[in-house]
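These notes are about the structure you will find just below.
Read-outs: derived from the displayed coordinates by stated rules, not from any lab. Bear in mind that the values here come from a model prediction, so they are computed numbers and not experimental data. Note that we place each Cβ from the backbone using ideal geometry, even for glycine, and neighbour counts take in every protein chain shown.
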């Protein structure tokens, strides 16, 4: 099969749980086909809900994470033992039949033959139950053996990952592709291996694609109101999206890799005061230890506020937005 196919098969067997915002987005997308048949007020409510849901999606990106990969277990897993046919239930029923000794009441009321027939039927029932248990165990064994086979395909890869081999780490990140949602939103992610316990990651964020320029709301009349989003609201929304993406990337990396530290730098278009030009530069750089990340409550935290939990470089002003910062040096965190 090959380790890539095995990896994808194991991942498919452990589907990730999607947050409520994404599930609602799917529902709204299904309703889109009915948009032309909607009355004006109903259409207005629908468009507002789509807008609000989209904002919820891009500001809750940090709440989801893929499955955890236990490479030590994959490396050390042994083939399951094939079950053997047993006849425990049959033997137990047969013993009761052979040891049956009619009592006085059984003889007096003529129940001896009937009881022997019942005990004899119990032997047949026990035999069938032994067969059923064996076939069930055999079916489960085939499933477990197949899963073990997939894990066995990955054993060499697991050995490389646990040893911190750069090629193995890049291969597994590329194959699992945990950053699909972020990329679909318009941002790109690049992972570089520094050593066996540290990765240096860069996310190329794109506010022009991701952050909406206009807001939608309902007037008292029930009609749709479309307005330009205020600059302050736009910048605050962009900040939470960027910080949320950084957290999401960190969570995905630690779910896949047995590392201690991830340095994540967000790069975006920004005014360089020295040149006066809009340039693609770092706007946020964070060093995230796995232990600290595990202590956070992602359902309730505010992404931008959570950056204070880590060593980071970020300068943000409500009027200006992000300003250029220096990228953290991986060498300082080895």
Check your understanding: When you count, for each residue, the other Cβ atoms within 10 Å and take the mean per peptide, how do 223-234, 261-272, 125-136 rank with the highest first?
Key -> 261-272, 125-136, 223-234
Practice item. For residue 141, put the label point 7 Å out on the Cα→Cβ axis and report which residues of the stretch 71-109 keep their amide N under 19 Å from it. Key: 78-90
Revision key, fill the gap. For the residue 300, residue 334 Cβ pair and Förster radius 35 Å, calculated FRET efficiency rounded to 0.05 is 0.60
Check your understanding: Pairing the Cα long axis of helix 231-256 with the longest principal axis of the chain, what angle in degrees results, from 0 to 90 and rounded to the nearest 10?
Key -> 40
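When the chain is fully extended, how far beyond the present Cα-Cα distance does residue 190 get from residue 317, taking 0.36 nm per residue of separation?
That works out to 43.0 nm of additional length.
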Review point. What is the order of 211, 278, fewest Cβ neighbours within 10 Å to most?
Key: 278, 211
Review point. Quick one: if you stick a label point 7 Å off each Cα along the C-beta vector at residue 162 and residue 107, how many nm between them?
Key: 7.0
Check your understanding: Once a ≥ b ≥ c are taken as the square roots of the eigenvalues of the Cα gyration tensor of the stretch 21-180, is the result rounded (a/c under 1.5), prolate (a/b larger than b/c) or oblate (a/b not larger than b/c)?
Key -> oblate
Review point. If R0 is 22 Å, what FRET efficiency do you get for residue 226 and residue 275 from their C-beta distance, rounded to 0.05?
Key: 0.05
**Study point:** Highest average packing first - 195-202, 162-169, Cβ atoms within 10 Å
**Key:** 195-202, 162-169
**Study point:** Helix-derived mean residue ellipticity, 222 nm - over the chain, DSSP H n ≥ 4, -39500 (n - 2.57), to 500
**Key:** -15500 deg cm²/dmol
**Study point:** Share of alpha-carbon pairs per 20 Å distance bin for the chain, given as whole %
**Key:** 23, 38, 21, 13, 5, 0
Check your understanding: What is the Cα coordinate range of the stretch 178-334 on the first, second and third principal axes, sorted by size from largest, in whole angstrom?
Key -> 60, 40, 26
**Study point:** Label point 7 Å beyond Cα of residue 16 along Cβ direction - residues of the stretch 216-247 with amide nitrogen under 16 Å
**Key:** 244-247
Review point. By counting other Cβ atoms within 10 Å of each Cβ, how are 40, 52 ranked from fewest to most?
Key: 40, 52
Review point. Shape of the stretch 32-87 from its Cα gyration tensor (a ≥ b ≥ c, root eigenvalues): rounded if a/c is under 1.5, otherwise prolate when a/b > b/c, or oblate?
Key: oblate
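R0 = 45 Å: FRET efficiency of residue 309 with residue 174, Cβ-based, nearest 0.05?
About 0.95, to the nearest 0.05.
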